[in-house]
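S.K.: Mind having a look at this structure? Questions to follow.
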Amino acid sequence: MSERIVITQDMIRLYDEYTHLTLDRRGFMEKLGKLAGSSAAAAAIVPLIEAGQAKAAVVEAADDRLDASTIEFAGDGGPMKGYLVRAKATTGPLPAVMVIHENRGLNGHIEDVARRLALEGFLVLAPDFLSPAGGTPADEDKARDLIGGLDRAKAVGNAVAAATFLRGHEGGNGKSGSVGFCWGGGLSLQTAVADPDLGAAVSYYGAQPVAETVAAIKAPLLLHYAGLDDRINAGIPVFETALKAAGKTYEIHVYPNVNHAFNNDTSAARYDKAAADLAWTRTVDFLKAHLA
C-alpha cells in the first residue's frame with residue numbers, strides 16, 4: 001500500500017516563496033525534499049501544490065454558448081493581444097470586465113475564468129500582459145521570469161489601455177471593471193489608481209498599492225484575501241487605513257484557513273471550493289452592482 005501524501009503548511013509557504021520571491025526551482029525542490037523526507041516524496045507533492053493546466057476547464061473552450069476569439073488592441077506603446085469572450089444569448093450592450101492573469105501569464109485557467117464570467121452576463125477581455133515579450137510561453141517557469149522582468153509602469157499602462165478599449169467596445173455599455181488574481185490582483189488595484197474612469201476593481205490576494213496613491217482611486221474596490229496568506233495580508237492594515245482616511249468605497253473579505261490562490265481550481269492543495277464559490281458570488285454581484 002502506498003503512503004498517504006501529506007502536504008503541510010510549511011510546504012505551501014515554501015511554494016509561495018518559490019513562485020513569488022527569489023527561490024529558484026532547484027532550491028525549491030531541495031527544500032521540499034527535506035520537508036517531505038525524500039526527493040521522491042517531493043516529486044509526488046509538487047503536482048498537488050502547483051497549478052496544473054491539464055485539469056479540465058469548468059467552461060470548455062469549445063462551449064457553444066459563447067463567442068470567443070483572440071484579438072489585438074492598442075496598448076501602451078505597442079499592440080496587445082487578449083482573449084475576448086461573451087455569451088451568445090446576451091442582447092444589448094454589456095458591462096465589460098478585464099480579467100488579469102496570475103504571474104504565469106495568460107493560460108488556460110484564466111481563459112476558463114473569463115468564460116465563466118462571460119456566462120454571468122459580461123463582455124470579458126483577458127489581456128496577455130506578456131504581449132510585449134512575444135506572448136505567454138508554454139513553460140510556466142519562463143512565464144514567471146518574464147512577468148518579473150516587465151516594466152511595472154508599462155504593465156499598468158497596458159491595463160488602463162485594456163479597460164479603455166472595453167469602454168469603447170461596440171458590445172459594451174461604456175463601463176469597465178477589472179478582476180485580478182495574485183500578480184493580477186495587485187495590477188487590478190494599480191489600474192484603479194491609474195484609471196479614474198474604471199468602474200470597479202476586484203482583487204484576489206493581490207499586493208496593495210502604496211498608501212500615498214490611494215487618494216487617486218475612484219473605483220469601488222472588492223478585496224479578497226486568504227487567511228493563511230501572511231505575505232500579502234501584512235499589507236492590509238496600512239492599505240485599509242489609507243482607504244478609510246480617503247473615504248473610499250471598499251469591501252474586504254478574509255477567508256479563514258485558506259491559502260493564497262484559493263480560487264485556482266487547478267491546484268489541488270491550495271484550492272478551496274467553499275471560499276472560491278463565496279468569493280465568486282460576491283465578485284459577480286459586486287460587478288453587476290457597479291457596472292450595470
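The values are calculated or read from the model by the stated rules, or taken from the named source; none is laboratory data. No experiment lies behind these values; they were computed from the predicted model shown. Backbone-built Cβ (ideal geometry, glycine too); neighbour counts: all protein chains shown.
S.K.: THR70 is checked against (1) closer than 22 Å to ALA133 by Cβ; (2) in a loop (DSSP other than H, G, I, E, B) and fails just one. What number does that condition carry?
M.R.: The one condition THR70 does not meet is (2).
S.K.: Could you give every pair whose Cβ atoms fall below 9 Å, whose first residue belongs to segment 249-262 and is more than 21 Å from VAL113 (Cα to Cα), and whose second residue is among the hydrophobic types (A, V, I, L, M, F, W, C) and surrounded by fewer than 13 Cβ atoms within 10 Å (Cβ to Cβ), counting only separations of at least 6 or pairs across chains?
M.R.: From residues that are more than 21 Å from VAL113 (Cα to Cα), there are no pairs.
S.K.: So, one more: Has segment 157-175 got any residue that is crowded, with 22+ Cβ neighbours inside 10 Å, free of Cβ contacts under 8 Å to residues at least 60 places away in the same chain and either in contact with a Pro (Cβ under 6 Å, 6 or more places away or on another chain) or under 20 Å from THR70 (Cα atoms) (or both)?
M.R.: No, the conditions are met nowhere in segment 157-175.
S.K.: Given the structure, is GLY235 out of contact with any Lys or Arg (no Cβ under 6 Å at 6 or more places or on another chain), in the same structural domain as THR283 (by TED's automatic domain parsing) and under 23 Å from VAL284 (Cβ atoms)?
M.R.: Working: out of contact with any Lys or Arg (no Cβ under 6 Å at 6 or more places or on another chain): yes; in the same structural domain as THR283 (by TED's automatic domain parsing): yes; under 23 Å from VAL284 (Cβ atoms): no.
No; evaluated as a whole, the condition is false for this residue.
S.K.: Does any residue in segment 70-81 that is within 19 Å of GLY108 (Cβ to Cβ) come within less than 8 Å, Cβ to Cβ, of a residue that is assigned to a strand (DSSP E or B) and among the basic types (Lys, Arg) six or more places away or on a different chain, and which pairs are these?
M.R.: So the pair list comes out as THR70/LYS81; ILE71/LYS81.
S.K.: Could you please find all residues in segment 90-121 being at pLDDT 95 or above and of a type in the set (Gly, Ala, Ser)?
M.R.: Within segment 90-121, ALA96, GLY105, ALA114, ALA118, GLY121 qualify.
S.K.: Before we move on, is ALA42 over 30 Å from HIS290 (Cα atoms), outside the structural domain of ASN264 (by TED's automatic domain parsing), in contact (Cβ under 8 Å) with a residue 12 or more places away in the chain and crowded, with 17+ Cβ neighbours inside 10 Å? Full working, then the answer.
M.R.: Values: over 30 Å from HIS290 (Cα atoms): yes; outside the structural domain of ASN264 (by TED's automatic domain parsing): yes; in contact (Cβ under 8 Å) with a residue 12 or more places away in the chain: yes; crowded, with 17+ Cβ neighbours inside 10 Å: yes.
Yes.
S.K.: Counting just the residues of segment 255-281 that are surrounded by 14 or more Cβ atoms within 10 Å (Cβ to Cβ) and of a type in the set (A, V, I, L, M), which one comes out farthest from ASP16 (Cα to Cα)?
M.R.: Narrowing segment 255-281 to residues surrounded by 14 or more Cβ atoms within 10 Å (Cβ to Cβ): 255, 258-272, 275-276, 278-280.
Going one step further and asking which of them are of a type in the set (A, V, I, L, M), we end up with 258, 261, 268-269, 275-276, 278-279.
Working: VAL258: 13, ALA261: 10, ALA268: 15, ALA269: 12, ALA275: 19, ALA276: 19, LEU278: 23, ALA279: 21 Å.
Step by step, filter segment 255-281, then rank; the result is LEU278.
S.K.: So which of GLU60, GLU72 ends up being loosely packed, with under 13 Cβ neighbours inside 10 Å and closer than 24 Å to ALA159 by Cα? Write out each step before concluding.
M.R.: Values: GLU60 fails: closer than 24 Å to ALA159 by Cα.
That would be GLU72, the only listed residue that is loosely packed, with under 13 Cβ neighbours inside 10 Å and closer than 24 Å to ALA159 by Cα.
S.K.: Now, a different point. Just checking, how many residues over segment 1-57 are modelled with pLDDT under 80 and either assigned to a loop (DSSP other than H, G, I, E, B) or of a type in the set (Gly, Ala, Ser) (or both)?
M.R.: 16
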